[in-house]
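Asks: Can you keep this structure in mind? I'll have questions shortly.
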Amino acid sequence: MINVAAHLNMRSYAFAILALCMASFIGLAVSTPSYAQEAAPEEQVQLPPPTVIKSIRVVGNQRVEANTVGSYLLIAPGDRYSEERIDLSVKTLFATGLFADVRIDPNGGDLIIRVVENPIINRVILEGNKALKDDKITDELEAAPRSIFTRSRVQADVQRVIDLYSQSGRFAATVVPKVVQQPQNRVDLIFEITEGPVTGVKRINFIGNSEFSDRRLRKQLATKESVWYKFFSSNDNYDPNRLEYDREQVRTFYTDRGFADFRVVSAVAELVPNQKDFYITFTVDEGEEYTWGDVSVETELETLDKSILEALVPIKSGRIYKSSEVEDAIDTLTFAAGAAGYAFVDIQPEIKRNRETKTVDLVFNLVEGPRVYIERIDIVGNTTTLDYVIRRELELVEGDAFNRILLDRSRNRVRALRFFEDVEITEVQGATPDRAIVEVKVTEQPTGELSFSAGFSSADAFLVDLSITQRNLRGRGQLLRFVIRASSNRQEIDLRFTEPRFLNRNLAAGIELFNVTNDFFDEAGFRSTRIGGQATLAFRVTDFTTLQTRYALRQETVDCTNSLILTNPQLCLQENNRLSSILGYTFGWDRRNDPITPTRGFDFFFSQDFAGVGGDVKYLRTEINANTYYGIFQDVIASAKINGGYITGWGGDNVQINDRFFKGSSTFRGFDNAGIGPRVVQVDTNRRLNALGGNAYGIASAEVSFPLGIPSLLGSVFIEAGTVGLLDDEFKVINDPNLIVRDDLSIRSVFGASVFWESPFGPIRFDFTKPIKKEDFDETESFQFNTSTRF
């Protein structure tokens, strides 16, 4: 027996109200059968109820502290005895779910609280489940080890398991719960499952359709008919939730094809007597076909021009009515209004059907909505990345006016960090209607990598790569990378560090040390080695433009083959060590709608490098790179790319061989490394000898990528065209009369297809190409592939 000096509190009243509600609906009994050991023996002598309660004793509790029991009571020592409060206290204790039985007995001036605690679940065991794995079922159960056992909770779990099996097409599944008593008031909870047969969809019928055939309409449904050869299909069973989705799919299909009055009268699923199949019947009313009538925009906002807004609306009079175009038009007008400074615009479409003329008139009313301000920004899910790393990418702070466009930009900027698998920005109402709380929910992904790669490609032959990379060092967004890479054409050691917010400003600073050897002995007769370092500073100029400045200092050595030297000694003037001091910049303009998988927009980069700020080398290199993207259908993306460059010496210097442009393989598909451009050719046999590189190049390509219907496989078709040339005149002089330098700026072009496979062994890419136009001295490749494996 334990004496308790409990007192009334708000929690007691709250549980009392809950208990009254539960009792009125489900009729709680105060003498539930016991699942635990018997409580302590009752007193033999029952004394009359006291007038004033002197003390309270708790009997039968094992895990629950007596003070905890007392905290739920609506009576305390010193209170007058009240049957009403006693009854409410019993109901309150039952409502906690901690007890299987509760009784309050008066004994002279004392109250004895007799409780029987509910058992604790020791284990949850599933038996008989084969179609559904244990973890899929247990994720839906409320019962779990070390939780409290109640019969109501178990019955609710039984229904959840049955619902899971119904969703997988097993409507005959049954679940029987069993309880096995264990010592110390514990129980093992066993669910005995009889799964029953899989219930398929025998037939899907449509009634009332005349414009479109049953077969055409079935293609719009998520539910499919059961066919024996579709072994892996999971949508050929009846699911009531999926049926509601199918109703909406049919409605969208019709309303996007002019049938504004279309409706699904009913969708009925009938189970055959053997409980193995369903017949699903949709009854539809198609109505008449409509076209768009008058489409206009009405607004009282002064700075918005109605005529410009109407021109932006993608809906045109006379075209077939399409309901989805209304949402597209609202998105377009919202963006246009936001760009004009109206972040709180409210667009209300008014649709009027003219049944006589079979047209639909549409008016977009633009009004300025109530202003909402950001009360708080919460960052959720960043287990590694520090809060400020995310916040500094947001274009809004607490106190700013809520702006959906700026939030979308902020999401793209956070995603562009590539620290997170997913980024989601949501808002909820704050303390007042004009306040909003913005939640930035992120899912961290690994940003550190210790990898060893080995592979083979048609361009580089063997490839070995050892790298240590941390793109989010200490959660501060810093980049640290160390790479050792070797292939038949390139050997590289590289150490790089980047601080994205140097001196706590919007300024990215980086430093790089490198030792790079490019081996072009087979292709061009030389090998170059560069040892040095580079420092960079980058900053954002506007919301969509950036500027990066850099300075590089490197020692360069060129080794040439004897044949190249004999051909023209001028080709290898840089055989001895020469120091290059290079100052450069890159201007970037990025208007893509997504930084990772863009479906709209473009990006553009313009860079220049000026060599001659000291050192032994003097040249000016200029390059441009532009890309544009357009989503045709879902996951089908068209892109176009343009690359170009030009390098020229100054101060009497010519461009040496290791500074020229060599294109082919990954930079121009369909051609080998250094496969196009100026080349030494044997006159009599037209034999291709050393490639010399060019001072200028231009390459354009167009590509359409699409899924191949198999996970991890992506395909594309492409066409590329370009040229490399403009070698300095003195390098065209050949000592051997049997040799000649071919320097032709004629356009080369290829078309082809690519397959990308994210295999378990690493990414693999296959390129199949066919030349459309080429020169006879070019080196072509009709098939290319590359791969690497990380372990």
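Asks: If you count the DSSP beta bridges with both ends in region 124-271, what percent of them are antiparallel, to the nearest 5?
Replies: 70
Asks: Hey, another quick one. Go through 676, 125 and list them by solvent-accessible area, largest first, probe radius 1.4 Å.
Replies: 125, 676
Asks: Given a Förster distance of 45 angstrom, what is the FRET efficiency for residue 263 paired with residue 179, based on the Cβ-Cβ distance and rounded to 0.05?
Replies: About 0.35, to the nearest 0.05.
Asks: Taking 0.36 nm per residue of sequence separation and subtracting the Cα-Cα distance, how much length would be gained by fully extending the chain between residue 401 and residue 541, in nm to one decimal?
Replies: Separation in residues times 0.36 nm, less the Cα-Cα distance, equals 48.1 nm.
Asks: Right, another one. Hey, rough spin-label estimate for residue 729 and residue 62, points 7 angstrom out along Cα→Cβ, what's it come to in nanometres?
Replies: 10.4
Asks: Quick check: the angle from helix 324-339's long axis to the longest principal axis of the chain, C-alpha only, nearest 10 degrees?
Replies: 70
Asks: Relative to the first principal axis of the alpha-carbon coordinates of the chain, what is the inclination of helix 10-26, with its axis defined by its Cα atoms, in degrees from 0 to 90 and to the nearest 10?
Replies: 80
Asks: If Lys and Arg each add +1 and Asp and Glu each add -1, what is the summed charge of the other residues whose beta carbon sits under 14 Å from the beta carbon of residue 193?
Replies: Residues near residue 193 contribute -1 overall.
Asks: Still on this structure, I have one more. Can you send over the carbon and sulfur percentage of the accessible area for region 244-341, probe radius 1.4 Å, protein chains only?
Replies: Answer for region 244-341 is 47 percent, counting heavy atoms of protein chains only.
Asks: Quickly estimate the mean residue ellipticity at 222 nm for the chain, helices only: each DSSP H run with n ≥ 4 gives -39500 (n - 2.57), and the total goes over all residues, rounded to 500.
Replies: Taken over the chain, the calculation gives -5000 deg cm²/dmol.
Asks: Then there is this: Using the alpha-carbon atoms, what tilt in degrees (0 to 90, nearest 10) does helix 151-167 show relative to the longest principal axis of the chain?
Replies: 40
Asks: Check cross-link reach from residue 306 to the aspartates and glutamates: straight Cα distance under 12 Å, and skip same-chain residues fewer than eight apart.
Replies: 298
Asks: Which distance in nm do the two modelled labels at residue 288 and residue 646 give, with both placed 7 Å along the Cα-to-Cβ direction?
Replies: Result for the modelled spin labels: 6.4 nm.
Asks: Bin width 20 Å, alpha-carbon pairs only: give the P(r) of the chain as whole percents, running from 0 to the bin holding the largest distance.
Replies: Histogramming the chain at 20 Å steps yields 11, 28, 31, 21, 7, 2, 0 percent.
Asks: Roughly speaking, what is the stretch gain from residue 515 to residue 298, that is 0.36 nm per residue apart minus the C-alpha to C-alpha distance, in nm to one decimal?
Replies: 71.7 nm
Asks: For residue 136, tell me the accessible area in Å² from a 1.4 Å probe, rounded to the nearest 10.
Replies: 110
Asks: Ignoring any ligand, DNA or RNA, what whole percent of the accessible area of region 122-239 comes from carbon and sulfur when the probe is 1.4 angstrom?
Replies: 48
Asks: Order 201-211, 685-695 from most to least packed using the mean count of other Cβ atoms within 10 Å.
Replies: The packing order, highest mean first, is 685-695, 201-211.
Asks: Under 5 Å between amide H atoms, partner at least 5 residues away or on a different chain: which partners does residue 237 have, H built in plane at 1.01 Å?
Replies: Amide H to amide H, under 5 Å and 5 or more residues apart or across chains, residue 237 pairs with 224.
Asks: Please give the length that would be gained between residue 376 and residue 146 if that part of the chain were fully extended, namely 0.36 nm times their separation in residues minus their C-alpha to C-alpha distance (nm, one decimal).
Replies: Additional length available on full extension: 79.0 nm.
Asks: Set the Förster distance to 51 Å, then compute FRET efficiency between residue 429 and residue 688 from the Cβ-Cβ distance, nearest 0.05.
Replies: 0.10
Asks: If you roll a 1.4 Å probe over the heavy atoms of the protein chains, what accessible area per residue do you get for the chain, in Å²?
Replies: 52
Asks: Extending each Cα 7 Å along its Cβ direction at residue 130 and residue 368, get the distance between those two points in nm, one decimal.
Replies: Here the modelled spin labels are 6.9 nm apart.
Asks: Oh, and also: Please give every one of the lysines within straight-line cross-link reach of residue 770, meaning a C-alpha to C-alpha distance under 29 Å, and leave out same-chain neighbours fewer than 8 residues apart.
Replies: Answer for residue 770, where 29 Å is the Cα cut-off: 641, 663, listed by chain and number.
Asks: Excluding residues on the same chain fewer than 8 positions from residue 202, give the aspartates and glutamates whose Cα lies under 19 Å from its Cα.
Replies: Those aspartates and glutamates meeting the cut-off are 214, 225, 236, 239, 244, 246, 270, 277.
Asks: Using only the heavy atoms of the protein chains and a 1.4 Å probe, how would 54, 130, 219 rank by accessible area, largest first?
Replies: Correct descending sequence by accessible area is 130, 54, 219.
The values are calculated or read from the model by the stated rules, or taken from the named source; none is laboratory data. Predicted model, so just to flag it, every value in this text is computed and none were measured. All Cβ positions, glycine included, derive from the backbone under ideal geometry; neighbour counts span all protein chains shown. Surface areas here come from the heavy atoms of the whole protein model, side chains and all, with no ligands, DNA or RNA. Shrake-Rupley method; radii C 1.70, N 1.55, O 1.52, S 1.80 Å.
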